[in-house]
Ligand code: UDP
Ligand code: MG
């Protein structure tokens with residue numbers, strides 16, 4: 001049973017967002033009041049080099065419901081969210097970016113769905129405000145990742161979501177080193193509801209996701225959820241094996257028939273075909289090694305059992 005005034009933990013990863021934190025805090029507080037919930041705000045300083053940590057400390061000093069966690073260096077968006085979630089004490093957790101692109105005005109609707117029994121309320125962006133090339137790449141990646149991983153991810157699905165505390169417990173117990181939270185949440189099941197929102201403009205500062213970090217996130221989506229790429233390679237090698245076996249048989253029969261002067265199929269001359277076959281198969285082999293490497297690398301990272309974040313200081317020592 002839910003309390004009449006449940007507490008919601010709001011987790012925001014922060015990487016150089018000094019001018020966004022105060023307004024984010026205000027908006028969260030207002031949305032919590034509108035939703036008639038108690039709140040705690042957990043800011044995770046992900047190795048910021050600007051004044052973000054001091055702003056957090058100030059907010060924390062003014063309101064005991066604000067907590068901060070400062071990581072020892074930049075661990076990345078996903079790990080920063082995860083770090084914040086480990087500190088959450090509420091009946092539900094809402095994760096949201098600190099740049100106000102995830103509109104706090106959606107929070108009352110999220111809470112409403114949660115009160116009606118949803119255990120996960122995830123969100124989808126109505127439209128992207130990415131530059132055209134980035135938009136195209138991200139959209140294609142989503143489609144590809146969904147196909148390959150078997151997850152039902154849509155374009156625009158973000159890390160703006162509410163999860164019930166029993167879902168939180170499951171997520172925190174998932175020991176994967178490479179976090180891809182939207183995939184993990186999609187995978188675990190539970191009663192999930194979706195909400196759409198118009199993505200806002202970044203309130204201040206610059207986006208931190210580069211093509212490199214987007215690529216790494218996409219790779220986690222592809223290689224952390226299944227063995228489909230390996231199956232694909234296996235399937236391909238079976239097809240090549242079958243075709244080349246048939247071709248060998250054909251050459252053999254051709255030779256035998258030639259011996260008896262019964263039939264002679266003129267062979268293709270030359271090395272162009274040969275070079276093409278060698279290059280094609282060579283590239284497939286390299287790709288296969290790369291795919292295997294992705295899996296082996298992930299096993300390597302996982303077996304080291306390194307922490308996915310390290311805390312330098314926090315407002316509430318656990
Ligand atoms: N962020 C973070 N660590 C990082 C990169 C980003 O904590 O290494 C935070 C950032 O401060 C913001 C959120 O993650 O609150 C989303 O980042 P950004 O706005 O750059 O992503 P985009 O909106 O472009 O997807
Ligand atoms: Mg943003």
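No value in this document is a laboratory result; all are computed from the given coordinates. Treat the numbers as computed from the prediction; the structure is a model and nothing was measured. Neighbour counts run over all protein chains shown; Cβ positions are idealised from the backbone, glycine included.
The residues in the stretch 110-146 that are in contact (Cβ under 8 Å) with a residue 24 or more places away in the chain, surrounded by fewer than 17 Cβ atoms within 10 Å (Cβ to Cβ) and either more than 16 Å from ligand 2 (Cβ to nearest atom) or over 16 Å from residue 217 (Cβ atoms) (or both) can be counted, and the count is 9.
Restricting 12, 83 to those that are within 16 Å of ligand 2 (Cβ to nearest atom) and under 26 Å from residue 185 (Cα atoms) reduces the list to 12.
Would it be correct to say that residue 125 is away from ligand 1 (no atom under 12 Å from the Cβ) and in contact with a strand residue (DSSP E or B) (Cβ under 9 Å, 6 or more places away or on another chain)? Taking the combined requirement at face value, the residue does not satisfy it.
One line per residue, one yes/no per condition, for (1) more than 14 Å from ligand 1 (Cβ to nearest atom); (2) touching a strand residue (DSSP E or B) at 6+ places or on another chain (Cβ under 7 Å); (3) in a strand (DSSP E or B):
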| position | (1), (2), (3) |
| --- | --- |
| 121 | yes, yes, yes |
| 136 | yes, no, no |
| 148 | yes, no, no |
| 151 | yes, no, no |
| 160 | no, yes, yes |
| 175 | yes, no, no |
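From the list 87, 39, 25, which one is closer than 19 Å to residue 311 by Cα and more than 20 Å from the chain's Cα centre (by Cα)? It is 87.
Selection over the stretch 35-57 of residues that are in a loop (DSSP other than H, G, I, E, B), touching a helix residue (DSSP H, G or I) at 6+ places or on another chain (Cβ under 8 Å) and under 26 Å from residue 206 (Cα atoms) gives a count of 1.
Here's the yes/no breakdown for (1) within 16 Å of ligand 2 (Cβ to nearest atom); (2) part of a strand (DSSP E or B); (3) surrounded by fewer than 22 Cβ atoms within 10 Å (Cβ to Cβ):
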position	(1), (2), (3)
33	no, no, yes
70	no, yes, yes
98	yes, no, no
108	no, no, yes
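When 255, 298, 312 are screened for being surrounded by 10 or more Cβ atoms within 10 Å (Cβ to Cβ) and under 30 Å from residue 66 (Cα atoms), only 312 passes. Applying the criterion of being more than 15 Å from residue 160 (Cβ to Cβ) and outside any helix (DSSP H, G or I) to the residues of the stretch 208-230, the residue that is farthest from ligand 1 (Cβ to nearest atom) is 227.
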